[in-house]
Amino acid sequence: MMGARRNWSLRRRVVVLCVTVGVLLTGLAVAEAVVATRNRQATDTILNQTGPLRVQAEALLAAMINQETGVRGYVVSGKRDDLAPYENGLKQEQSTVAAMRPLLADHPAVQQQVATVEEKADRWRQTVAIPAIETTGRSGPSAGQSVLTEDARAQFDGIRASIGDLQQSIMVLRQQGADRVNRTGNALVILLITAALVVLIAGFALMLSLNRLVVGPLTVLASQVRAVAEGDYQRDIEKVGPPELAQLAGDVDAMRRKIASDLAEVRAARTSIEEANAQLEKQAEELVRSNRDLEQFAYVASHDLQEPLRKVSSFCQLLQRRYAGQLDERADQYIAFAVDGAQRMQRLINDLLAFSRIGRLTTGFVEVDLDQVMAEVSGQTEAAREYVDGELTWSDLPVVSGEEALLTNLLANLVSNSLKFRRPDVPPRVHISARRVGADWEITCQDNGIGIESEFADKIFVIFQRLHSKDAYPGTGIGLAIVKKIVEYHGGRVWVDPDVPEGTAIRFTLPALTAEEDEAPTDASGPAGTESSESSGAAGAAPVGSDAAGPDDAAGPDDAAGPDDAAGPDDAAGPDDAAGPDDAAGPDDAAGPDTAGSDTAGSNTAGSDAAENGAGRTGGKSVEETGGMRETVA
């Protein structure tokens with residue numbers, strides 16, 4: 001039995017204690033209620049019965065005395081007015097007895113005494129008072145006085161004695177009530193003290209139980225947990241106390257074992273991470289060396305590789321001009337192929353260099369006003385827009401943080417792409433707008449061109465991926481790859497919106513300045529942000545990655561193959577092939593519009609596409625041609 005009781009849960013122990021205390025307190029409460037009821041009854045007997053009865057008994061005695069006094073006064077004086085005390089006393093006696101009867105309903109003995117007093121009072125009136133009054137009225141006071149004998153006085157004294165017995169009985173009732181009040185009051189006090197003792201004992205027992213069953217085991221458990229928290233993860237947690245705390249100790253011990261297991265895994269993972277970090281450091285060093293090699297390669301590509309390529313291109317063009325029509329048609333075709341290949345190779349090298357420089361050669365971020373950038377882009381694309389009767393508009397654009405040169409190149413590539421991939425016989429219309437989306441500015445380049453199918457929306461941003469042949473839309477296929485790299489370098493993203501009714505909408509995001517207002521500008525284009533084909537402005541260099549050929553890209557006298565490009569002794573292939581005076585690049589043999597002389601390594605402009613544009617696009621009227629890709633019919 002004791003062993004089973006020791007296995008009681010804490011809840012069961014508390015419930016048993018509370019039920020026991022509750023039963024005891026309930027019993028005490030019932031006893032207190034019974035005693036209190038009796039006390040109230042005894043108090044009511046004293047206050048509402050014996051007290052009024054004492055007063056009524058005194059009033060009854062006074063009424064009888066008034067009657068006796070009234071009779072004696074009338075018998076002595078013979079005046080009818082002297083009977084007033086008698087008559088009033090009779091009325092008072094009747095009302096007093098009537099008032100006493102309800103109070104004596106629970107006391108028949110006292111009620112019998114009242115009846116005895118009434119009986120004696122009636123006999124006194126019949127034998128003494130009434131005969132005395134009648135005799136005095138007939139025969140005079142002397143005759144009436146003869147009725148009031150000693151027997152009459154003894155009879156009235158008997159009435160007084162009966163009223164005195166009545167008063168004594170009432171006093172006994174009062175004393176009995178007072179005794180009951182005292183007894184019940186004492187019982188209430190004892191019961192209250194007992195209830196207080198039960199509560200104190202229950203509280204003391206509860207405190208001892210909590211200390212033995214809760215506080216003590218929790219203290220032991222806490223000391224063990226602190227030892228584990230200090231690093232002793234191999235220490236077992238002892239199960240002590242009632243089942244609940246024993247289960248808690250088991251759960252804590254299970255958690256300790258899990259932590260110890262996880263810690264072992266973390267240590268193993270830390271070792272692996274340290275080894276991986278060591279490998280990453282080695283790879284980082286290798287990447288640093290590789291970047292230095294790449295920079296060296298870029299330097300070689302921009303200087304050492306382009307120099308012989310320009311020389312090959314220049315002399316191929318000289319051959320084309322000097323011997324055009326002198327050789328057969330196939331020879332002229334071969335020379336044209338060589339010139340075209342050299343020019344395209346030079347554009348590819350320039351575009352690759354521009355692509356590799358993005359994010360590597362940086363001037364730092366500054367606040368850039370995109371409205372001013374669009375004014376610069378408008379100047380750069382003016383010649384191309386005049387050629388195709390195009391229109392470029394933009395609305396209030398924000399101020400963002402970035403590199404102005406890269407953002408200019410970004411927007412120029414998008415505008416040039418929209419101008420190149422236009423619909424036949426439809427003047428191109430390009431609109432640049434911006435709206436605030438959360439913490440970013442979303443900028444849209446919308447045109448009315450040929451559009452892009454949704455399945456090619458991601459492919460167009462891959463470097464050298466083309467959707468059209470170079471004969472349909474010339475270019476190197478790198479323009480939109482440069483756009484994507486510039487946007488990602490500035491912390492944004494770029495995508496094609498397929499849900500436009502006409503043309504193409506390329507959207508990209510740029511982080512907004514923290515101090516900017518939350519209100520985004522409207523997309524309505526205003527007159528100040530509109531540049532049509534009639535707009536005037538200085539046309540700058542073509543965008544990086546663009547294949548556009550503007551008026552400034554045509555090779556003029558400054559681009560003639562000078563002494564540096566002439567085939568000198570170092571470039572001679574042999575004695576028979578040495579370039580003589582007739583082969584020197586002189587003024588008459590200056591590279592014309594097809595020369596690539598403007599594509600120096602220090603410039604970000606792309607070479608001319610004159611060889612690809614055909615005879616219909618000469619004199620600087622060629623469309624701006626980016627390296628981006630557009631949809632073509634499969």
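The values are calculated or read from the model by the stated rules, or taken from the named source; none is laboratory data. Remember, predicted model here, so these are calculated numbers, not experimental data. Cβ: placed from backbone, ideal geometry, glycine included. Neighbour counts: every protein chain shown. Calculation scope for accessible area: heavy atoms of the full protein, side chains included, ligands and nucleic acids excluded. Shrake-Rupley method; radii C 1.70, N 1.55, O 1.52, S 1.80 Å.
The stretch between VAL462 and ALA331 holds 43.5 nm of extra length on full extension. This uses 0.36 nm per residue minus the Cα-Cα distance.
Amide H contacts of THR393 (H built 1.01 Å from N, in plane; Pro and chain starts excluded): VAL430, HIS431, ILE432, GLU531 sit under 5 Å, all sequence-distant by 5 or more or on other chains.
Give, as a single signed number, the net charge of other residues whose beta carbon lies under 14 Å from the beta carbon of ARG256, with Lys and Arg counted +1 and Asp and Glu -1. Here the count lands on -2. If R₀ is 51 angstrom, what is the calculated FRET efficiency for the pair SER142 and ASN182, using the beta carbon separation as r and rounding to 0.05? FRET efficiency, SER142 to ASN182: 0.30. Accessible surface of the stretch 121-196, 1.4 Å probe: 53 percent of it comes from carbon and sulfur atoms. Once all protein chains are placed together, TRP495 keeps about 60 Å² accessible to a 1.4 angstrom probe.
Looking at the stretch 189-268 from every direction and averaging, what is the projected area of its Cα convex hull in nm²?
Computed as one quarter of the Cα hull surface, the answer is 6.1 nm².
Between ALA512 and ASP440, TRP441, the built amide H atoms are under 5 Å apart, and every one of these is 5 or more places off in sequence or on another chain. The average projected area of the stretch 146-241, computed from the convex hull of its Cα atoms over all directions, is 9.2 nm².
Per-residue surface analysis assigns VAL55 an accessible area of about 100 Å², computed on protein heavy atoms at 1.4 Å probe radius. You can think of it this way: the chain between VAL30 and ARG257 has 76.1 nm of extra reach, that is 0.36 nm per residue less the Cα-Cα gap. Modelled label positions at LEU210 and ALA439, each set 7 Å beyond Cα in the direction of Cβ, lie 5.0 nm from each other. Taking ILE163, ILE46, ILE259 and ordering them by how much accessible surface each has at a 1.4 Å probe, largest first, produces ILE259, ILE46, ILE163.
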